[in-house]
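A.B. asks: Handing you a structure now.
Please treat every number below as a calculation from the coordinates, not as lab data. Keep in mind that what you see is a predicted model, and the values were worked out from it rather than measured. Using ideal geometry, Cβ is built from the backbone for each residue, glycine included, and neighbour counts are taken over all protein chains shown.
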Amino acid sequence: MFQTRTFFLSFGFFVFSFAVVFAQTTSPVTNCTIKSNTSCEECLKIVSCLWCISSQKCIDYPVKSVLPSHSVCPLSDARWGMCWMNFQTLIITISVIAGVIIVAIFVCCFCCCKCENIGSKRNDKRMERQAHLKSFRKEERKAEMRQRHDEMRLKYGLTKDNQYSRFENS
């Protein structure tokens, strides 16, 4: 069950990644440089644009590299998606959220495995109780059989002080 969950999660991640890459490569070409020297809001209306505060330029987002290089625009001055949050803060925020999600997934998986083990521990305890009860009943039956045999020996006069001595016909 855990393997199927892992498979579906990895398959979903692969499909999502493929869709993102495909969407980036097939998006229509826009010219962000015409939005330079305007405002951050005007520049970021086009999703593929990156606004650099220090140079007041609207630049095409460098999709070939994940992060824009420092020569294009420093991360602390770059704005993408939102004008009020710099790219560096955006990356840190997304990384922290992704880390929390990954830790939560691992904790959930650990708890599920732990809960399955707790169930098996309960089952083990139940089986142990049943085994103890069976052995107790077995000992009771043995004691009853010994008592009956002793009664029969007493009735027929077959009791001896030494139980390992031979019976003699007298």
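A.B. asks: Applying the Karplus parametrisation 6.51 cos²θ - 1.76 cosθ + 1.60 with θ = phi - 60° to the phi angles of segment 137-142, what ³J(HN,Hα) value in whole Hz is obtained for each residue in order, glycine and proline being reported as x?
C.D. replies: 5, 4, 5, 4, 4, 4
A.B. asks: Ok, one more. Could you derive backbone 3J(HN,Hα) for segment 148-156 from the dihedral phi with the Karplus parameters 6.51, -1.76 and 1.60 (θ = phi - 60°), listing whole Hz in sequence and x where the residue is Gly or Pro?
C.D. replies: 5, 5, 5, 4, 5, 4, 5, 5, 9
A.B. asks: Right, something else. Sticking with the crude label model, points 7 Å out along Cα→Cβ, report the distance from ARG141 to CYS112 in nm, one decimal please.
C.D. replies: If labels sit at ARG141 and CYS112, their model points lie 4.4 nm apart.
A.B. asks: Another question about this same structure. Would you mind working out the magnitude of the charge dipole of segment 98-156 relative to its Cα centre, with +1 at each Lys and Arg C-beta and -1 at each Asp and Glu C-beta, to the nearest 20 Debye?
C.D. replies: Roughly 340 debye, rounded to the nearest 20.
A.B. asks: Using a 10 Å cut-off around each Cβ, can you sort ILE97, ILE53 from fewest to most neighbouring Cβ atoms?
C.D. replies: ILE97, ILE53
A.B. asks: I would also like to ask the following. Could you tell me the extents of segment 98-156's C-alpha atoms along the three principal axes, largest first, rounded to whole Å?
C.D. replies: 87, 7, 6
A.B. asks: Please give the peptides 78-91, 98-111 ranked by average Cβ packing (other Cβ atoms within 10 Å per residue), highest first, as a rough proxy for protection.
C.D. replies: Result, highest mean first: 78-91, 98-111.
A.B. asks: Oh, and also: Starting from 0.36 nm per residue, how many nanometres of slack lie between LYS134 and LEU67 once their C-alpha separation is accounted for?
C.D. replies: Going from the current span to full extension adds 17.2 nm.
A.B. asks: What FRET efficiency do you get for ASN123 and VAL100 if R0 is 45 Å and r is their Cβ-Cβ distance, rounded to the nearest 0.05?
C.D. replies: The formula returns an efficiency of 0.85 here.
A.B. asks: Taking R0 as 22 Å, what's the FRET efficiency between GLN56 and THR89 from their Cβ-Cβ distance, rounded to 0.05?
C.D. replies: It comes out at approximately 0.65.
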